[in-house]
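Encoded as structure tokens, the structure appears first; notes follow it.
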Amino acid sequence: MAEYKGILVHCEVAEGKLTSMATELLGGGRKLADDLGEPLSAVLIGSGVAGLAQEVIAFGADKVYVVEDALIKDYQTDPYIMVMEKITKEAMPQVIMLGQTSIGRDLAPRLAFHLSTTANLGCLELAVDTETKRLLQTKPVYGGNALAIFISETDPQIATVRAKAMSPLEPDPARKGEVITVDAGLAPSLIRTTVLEKVPEEVAGIKLEDAEVVVAGGRGIGGPEGFQQLEDLAKLLKGAVGATRPPCDNGWVPTGQQVGLTGKIVTPDLYIAVAVSGASQHMSGCSGSKNIIAINKDEEANIFREARYGVVGDWKKILPAFTEKLKELLAG
Amino acid sequence: MANVIVCVKQVIDPEAPPASFKIDAAANKVVPPTGISPVLDPYAEYAVEAALKIKDTVGGKITAVSLGTGQLRDVVKKPLSMGADELVLLEDEAFAGGDSWSTAYALAMAIKKLGEYDLILCGREASDWNAGQVGSGIAEILELPSVTLVKKIEIIDGKARVERATDNGYEVIEVSLPALLSISHEIGEPRYPTIKGIMAAKKKEPISWAPGDIGVEPSQIGVAGRRTKLTKLFQPVREGKCEIIEGESPEDAGANLAKRLREAKIL
Ligand SMILES: Cc1cc2nc3c(=O)[nH]c(=O)nc-3n(C[C@H](O)[C@H](O)[C@H](O)COP(=O)(O)OP(=O)(O)OC[C@H]3O[C@@H](n4cnc5c(N)ncnc54)[C@H](O)[C@@H]3O)c2cc1C
Ligand SMILES: Nc1ncnc2c1ncn2[C@@H]1O[C@H](COP(=O)(O)O)[C@@H](O)[C@H]1O
């Protein structure tokens, strides 16, 4: 039986470009591969993705498997599992890294069970155990109240990694690597789903994940009108508006604004949390922010355990005065 | 008519104050908080709600399946009081302490024994280990198609038409039945149990299966069937103290906060 060796990174492509998740994984994967003294491979799946192979190499890969087929233009579970199984048999990696995205969350566990191995989802850190050479996979559990380090006892070891947990390398266009084109060889009859429609959620202004300032509102904001005030502050600071889950569930803001374990991960310089209690599942998405500021009427609220500066009181009175003063200070 | 199986589990209350969360580091175990009752896993509850929505529109039968030891009847019977019809419990000690692998395997074998089903529903991730795997695992073991992050379900012409949440919107997917769906919170708030439901649930005896009843070997389930090892469980340290900005009035405090952030060169 051939030995499992090296790291394989699944690179996601969106609108014809490598995603930031993909370059982060390549950066993290390169480091692990070097620690193991083994190669870093990557796989590009889709339609019209071959042109990105050189860029994947520039970001750190030694080898890129390219699989193109009209049937895998969009992500679907069944054909992706078939393709990943094929690539795994060919590359025999001991580690497969994917992003903790709507694709990775679906693909990783199903692939793991398909290959009779295990996955760990939403990892913050991957490291090589010096003794056993197995992967130490650190991930938040209990909604972020604790961290757990897992070891998979079977190969390949599959992990999804959260956004912003790893850093991309400076791309080196002169880097050399090998590109291997693999035939998808898909049988359409084995695909049990059909994508009927894709409905993008339009976001105006700066994307939440990219913003340097995030103004986030919680249940205590009370309705969409309140969020308008957060919007005004975000505009002033050239930032974006985020939210806890209740405002999204209540339709006060689009679901795409949700920050947390089951929402977006953000790491801005400044995170202003207004009427947010600071539940661990929410903090799990924003605790990487440089400075957290809290406005909450409950001095016992957990958010004050995480914030650097805070004001205790009714946001309806505090926020307008805060915004006014900031306008003045920023103008002067 | 649709036969729906929904997988649920008991967890420690994820909405308990974070300060009440304690672990026994030496044993790598979570210490259940005193005085705070366990609850049904919230995402599993969303899955029950999804099952009830299907029953509301096309009729049928809902069977809840729960694996775990020390399950309180009030907690695991919640699906019944919400409107589910049957409850199957895998409570034997041999099932305890499993990982996603051994749990999915035991659940899949129990579902196989149940036999007829059109849909199996799971939550997208349980609030304890946030694994997010058991649904996909069951689907793979039973060789069923699966769709995860599901936020809406319609049964049309013997197929399910579902909406799946993606990172930048959603997609509409048609999937053949039987299928497994993992449910996300956008499906809508779980309904409250009704008085009638609570009465019915009280009377209902759950079906309890031991490993032998579902044809599994003790070596394949629970601790023995694990393929992952938990090497360390710890609480992240929260450094730093919050500086509370005061003022003569709330408005004044707001203005002072702006000044302080400016001073500290944060803005
Ligand atoms: C598995 C799982 C995953 C989850 N994923 C996420 C996730 O990704 N993101 C997320 O956010 N949540 C998530 N949750 C939910 C999470 O547990 C909390 O329920 C949620 O974050 C609470 O939101 P909140 O702080 O807005 O509301 P609450 O906890 O109700 O807090 C509202 C706060 O507003 C304050 N307030 C009220 N009125 C005022 C006022 N006038 N002025 C000032 N302050 C005021 C209150 O003091 C309170 O602290 C998840 C839960 C589970 C179980
Ligand atoms: N012990 C269990 N018993 C029944 N269902 C479970 C169990 N563990 C997980 N599930 C189901 O799988 C979903 C995802 O769990 P997990 O993969 O553990 O995050 C849960 O929301 C449940 O629907």
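The values are calculated or read from the model by the stated rules, or taken from the named source; none is laboratory data. Treat the numbers as computed from the prediction; the structure is a model and nothing was measured. FYI the Cβ positions are ideal-geometry reconstructions off the backbone, even for glycines, and counts take in every protein chain you see. Quick note on the areas: whole protein, heavy atoms, side chains included, nothing else; ligands and nucleic acids left out. Shrake-Rupley method; radii C 1.70, N 1.55, O 1.52, S 1.80 Å.
Compute the Rg/Rh shape ratio of region A:116-189: radius of gyration over Kirkwood radius, all on alpha-carbon atoms.
Looking at region A:116-189, the ratio lands at 1.09.
What's the ranking of A:84-95, B:39-50, B:84-95 by average number of surrounding C-beta atoms within 10 Å, highest first? Before the final figure, lay out the partial values.
On the way: A:84-95: 19.4, B:39-50: 24.9, B:84-95: 21.0.
With the highest mean Cβ count within 10 Å placed first, the list reads B:39-50, B:84-95, A:84-95.
Please identify the GluC sites (Glu not before Pro) of region B:96-144 that satisfy two criteria: DSSP loop assignment and at most 12 other Cβ atoms within 10 Å. Which are they?
Those that pass, being in a loop and sparsely packed, are B:Glu116, B:Glu143.
How high is the relative contact order of chain B, in percent, counting Cα pairs under 8 Å that sit 6 or more residues apart?
24 percent
In bins 10 Å wide, starting from 0, what share of all Cα pairs of chain A does each bin hold, as a percent?
It works out to 6, 24, 28, 22, 14, 5, 0, 0, in whole percents.
Dividing the convex hull volume of the alpha carbon atoms of region A:208-331 by its residue count, what do you get in Å³ per residue? Intermediate results must be reported in sequence, preceding the final value.
Working: hull volume 10.9 nm³, N = 124.
It is 88 Å³ per residue.
Could you work out the relative contact order of region A:7-190, using alpha carbon pairs under 8 angstrom and six or more residues apart, expressed as a whole percent?
Taking the mean separation of contacting Cα pairs over the length of region A:7-190, I get 28 percent.
Chain pair B, A: how much accessible area is buried, both chains summed, with a 1.4 Å probe, in Å² to 100?
About 7100 Å² of accessible surface is lost on pairing.
Let me check against my output: what whole-number percent is the relative contact order of region B:12-54, with C-alpha pairs under 8 Å and at least 6 apart?
Value for region B:12-54: 35 percent.
What is the Cα radius of gyration of region B:2-225 over 2.2 N^0.38 Å, N being its residue count? Display every interim value, and only then the final one.
Details: Rg = 16.9 Å, N = 224, 2.2 N^0.38 = 17.2 Å.
The value comes to 0.98.
Leaving ligands and nucleic acids out of the surface, order A:Leu236, B:Leu52, A:Leu196 by accessible area at 1.4 Å, largest first.
A:Leu196, A:Leu236, B:Leu52
When we measure straight from the Cα of A:Lys238, which lysines land under 22 angstrom away, once same-chain ones fewer than 8 places off are left out?
Cross-link targets: A:Lys164, A:Lys207, A:Lys264, A:Lys290, A:Lys316, A:Lys325, A:Lys327, B:Lys259, B:Lys265.
Quick one: if the Förster radius is 51 Å, what FRET efficiency do A:Gln228 and B:Val58 give, using the C-beta to C-beta distance and rounding to 0.05? Before the final figure, lay out each step's value.
On the way: r = 41 Å, r/R0 = 0.80.
The formula returns an efficiency of 0.80 here.
Mind checking which aspartates and glutamates have their C-alpha under 16 Å from A:Lys31, skipping anything on the same chain fewer than 8 residues away?
Within the straight-line cut-off, A:Lys31 pairs with A:Asp62, A:Glu125, A:Asp129, A:Glu170, A:Asp172.
Could you sort out which of A:Lys5/A:Lys86; B:Lys9/B:Lys229; B:Lys151/B:Lys232; A:Lys17/A:Lys89; A:Lys198/B:Lys152 sit more than 24 Å apart by Cα distance in this structure?
With Cα atoms farther than 24 Å apart: B:Lys151/B:Lys232; A:Lys17/A:Lys89.
Between A:Lys73 and B:Ile195, what's the calculated FRET efficiency when r is the beta-carbon distance and R0 is 60 Å? Round to 0.05.
0.70
I'd like the accessible area for B:Asp24, computed on protein heavy atoms only with a 1.4 Å probe and all protein chains in place. Round to 10 Å², please.
Surface accessible to solvent at B:Asp24 totals approximately 70 Å².
Determine Rg/Rh for region B:161-218; Rg is computed over alpha-carbon atoms and Rh is the Kirkwood hydrodynamic estimate from the same atoms.
Radius of gyration over Kirkwood radius for region B:161-218 works out to 1.14.
With N set to the number of residues, divide the alpha-carbon radius of gyration of the protein assembly as shown by 2.2 N^0.38 Å and report two decimals. Can you show the working numbers first?
Working: Rg = 24.3 Å, N = 599, 2.2 N^0.38 = 25.0 Å.
Taking the Cα Rg and dividing by 2.2 N^0.38 Å, one obtains 0.97.
For region A:7-190, state the semi-axes of the equivalent ellipsoid (square roots of 5 times the eigenvalues of the alpha-carbon gyration tensor), sorted largest first and rounded to whole angstrom.
24, 19, 15
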